[in-house]
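Beneath this line is the structure, given in structure tokens, with notes to follow.
The values are calculated or read from the model by the stated rules, or taken from the named source; none is laboratory data. The structure presented is a predicted model; accordingly, all values stated were derived computationally and were not measured. Reconstructed Cβ throughout: ideal geometry from the backbone, glycine too, with neighbour counts over all protein chains shown.
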Amino acid sequence: MKITHIDPSPFLQPEQDARYYLQLPMDKWVICITVPLDNTLCTEYFSVLMKKLFDVLADIHLIVLFDLDDATLQEKFENKLKSLGKQSNITIIKQTRYLADALKASDVFISPTFVYENHDNRILKAMACGLPVITLENEHTSEMIIDEKTGYLIDFNNIDNLIEKLSTLKSNQELANSLGKMAQKRILENFSI
């Protein structure tokens with residue numbers, strides 16, 4: 001599968017009002033996460049990840065991105081989120097027209113899923129926003145992300161490693177900014193149209 005290229009221009013300029021516009025808390029560390037809900041394995045992985053995120057990291061807010069036309073799956077997913085008891089710490093964005101704002105309002109982007117075209121575009125767009133990205137390691141993502149330079153590549157079954165990487169970025173803003181700047185540079189030099 002060939003990696004697509006993107007027009008990075010909508011993602012390059014910082015948006016000072018993105019958190020306000022999306023009604024996100026100003027005092028929380030914002031994690032933007034994407035997950036395909038049509039894959040049971042990924043949905044279960046995501047459920048375990050969400051619980052661990054809230055158990056380990058304090059003062060976080062999650063933006064959950066998904067495109068889903070199946071109302072039954074959507075309701076099932078939203079019920080899983082409600083079961084965590086963290087509704088006030090989660091914002092669900094279902095439409096891609098808010099993607100740029102969601103990314104600009106975030107501190108980090110994670111895609112703990114097997115990449116397919118829509119997600120690979122989101123990874124590239126997150127990098128264009130200057131966000132460090134954490135995603136599953138595979139041949140495709142290894143072409144986009146340079147591990148420990150523009151983000152982190154993790155193994156599918158290692159949620160603890162993902163949480164560790166998030167904790168590191170949350171506690172070291174200088175590192176997060178450096179990874180984000182290198183990610184943005186990589187997009188401009190290698191993946192922009």
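How many residues are farther than 20 Å from Asp27 by Cβ, out of contact with any Cys (no Cβ under 8 Å at 6 or more places or on another chain) and buried (at least 16 other Cβ atoms within 10 Å of the Cβ) when one looks only at region 48-65?
2
Given the structure, is Phe156 touching a residue at least 24 places away in the same chain (Cβ under 8 Å), within 21 Å of Val64 (Cβ to Cβ) and assigned to a loop (DSSP other than H, G, I, E, B)?
The answer is yes for Phe156.
Looking at region 35-58, which of its residues are over 17 Å from Ile110 (Cβ atoms) and modelled with pLDDT of 75 or more?
Ala58 - this is the single residue of region 35-58 that is over 17 Å from Ile110 (Cβ atoms) and modelled with pLDDT of 75 or more.
Of everything in region 52-104 that's assigned to a loop (DSSP other than H, G, I, E, B) and aliphatic (A, V, I, L, M), which residue is farthest from Gln13 (Cα to Cα)?
In this case the residue turns out to be Leu84.
For every residue, the table says whether it meets (1) modelled with pLDDT of 80 or more; (2) surrounded by 21 or more Cβ atoms within 10 Å (Cβ to Cβ).
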| site | (1), (2) |
| --- | --- |
| Asp67 | no, no |
| Ala71 | no, no |
| Phe77 | no, no |
| Lys80 | no, no |
| Thr96 | no, no |
| Lys104 | yes, yes |
| Asn121 | yes, no |
| Val133 | yes, yes |
| Met144 | yes, yes |
